[in-house]
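Some notes on the structure that comes next.
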Amino acid sequence: MKESAKENLRSPIRISQSVQELLRCPRCHARLEQADQQFKCTNPECTALFPIIAGVPVLINEESSIFSIDDIKATTQAFLGDLKEHRVKDFIRRLVPKISSNLKAKSKIAQMEELLLDQSDSPRVLVIGGGILGPGMESLTQNAAIELVDSDVSFGPRTILICDAHAIPFEDGSFDGVIAQSVLEHVVDPYRCSDEIHRVLKDQGLLFAETPLMQQVHAGRYDFTRFTHLGHRRLFRRFEELDSGAASGPGMALAWSYQHFLLSFTTSKRLRMVLRLFSSLTAFWLKYCDRFLIDKPGALDAASAVYFMGRKSGQVLLDRDLVKGYRGAG
């Protein structure tokens, strides 16, 4: 590894002191104390140790997670050692027209921002899967009154905490809001993650989540689940619904299907790269149809992705009431 990357591995911790005080052991929920480049559980019956890499705490419970700390160390070192290569790849990707389009994130996150500031002068928001800036998140990052805690299961440009959403390493009621964009399809037990989100939110805390409905497998082996609009609502049955609907429409879903139809003919990395480029150049226009379709009932049944905005509640939505909320074309 390059010397600069080695030096980065011992960078000062990137989480604020106030957030550090809320950290808890992902195994037993006891308090953590920092000692040099690691956190130690203060529970004498646990005493688990968690490394701090490049200023980022790695708070993973290896006994229950599909991720190991050693794997995360290796991927982090690779990321730090190849920052220039990552920037070149990102530049090339920006030149190719995208087949994906999120039509709701910007306005809905702006709505959430207003609600957060109505409830608190200095809200704290946990971003799950926040290693890379999600769509519509720009206004939140530019608001100095809001503290974002960007977490992920791997190192990314914005990651300040590595953790698994099945065991969020914070005390109960730590956050005013939680955002999870394109995350819950990648967890093995989304219901457990939903319960964890509920736990770490303050009373009346806010949630914004987006999850695919019509999308092919992405992230390879780490892709498990899809949700219909009502299925997504049931996932958050312990939340009061403020808003929900299609985030990305059937045009995007069709473009994804077309691209993955072509990709299914080969496993060659080079040829798949060519097919991705070809399909992007010939199908990117389909996403523009969604500007007309996104709010139509039929689009809710054929959406590429759905969203949910809710408030932490002490009530649980009953299934017989859930089905009354169907808004599709039938």
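Numbers at a glance
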quantity	calculated
Using θ = phi - 60° and Karplus 6.51 cos²θ - 1.76 cosθ + 1.60, couplings along the range 117-127 (whole Hz; Gly, Pro as x)	6, 5, 8, 8, 6, 9, x, 10, 10, 8, 9
If the convex hull is drawn through the Cα atoms of the range 227-330, its volume per residue in Å³	122
MRE, 222 nm, helices only [DSSP H, n ≥ 4, -39500 (n - 2.57), over the chain, to nearest 500]	-10000 deg cm²/dmol
Stretchable slack from residue 114 to residue 96, in nm (0.36 nm times residue separation minus alpha-carbon distance)	3.1 nm
Between the range 201-231 and the range 114-155, the Cα center-to-center distance that results, in Å	18
Net charge over other residues, Cβ less than 14 angstrom from the Cβ of residue 291 (K, R count +1; D, E count -1)	+2
Efficiency of FRET between residue 143 and residue 225 - r from beta-carbon atoms, R0 30 angstrom, step 0.05	0.40
Prolate/oblate/rounded call for the range 133-249, Cα gyration tensor, a/c under 1.5 rounded	rounded
Fraction of antiparallel bridges per DSSP, the range 100-325 only, in percent to nearest 5	45
Against the rule of thumb 2.2 N^0.38 Å, how large the Cα Rg of the chain comes out	1.02
The chain - percent relative contact order, Cα under 8 Å, separation 6 or more	17
The range 207-267: trypsin sites (Lys or Arg not before Pro) in DSSP loop, at most 14 other beta carbons within 10 Å	221
Surrounding net charge for residue 133, when Lys and Arg each add one and Asp and Glu each subtract one, Cβ distance under 10 Å	-1
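No lab work stands behind these numbers, since they all come straight from the coordinates. What you see is a predicted model; the values in this text were computed from it and never measured. Please note: Cβ atoms are built from the backbone with ideal geometry, for glycine as well, and neighbour counts cover all protein chains shown.
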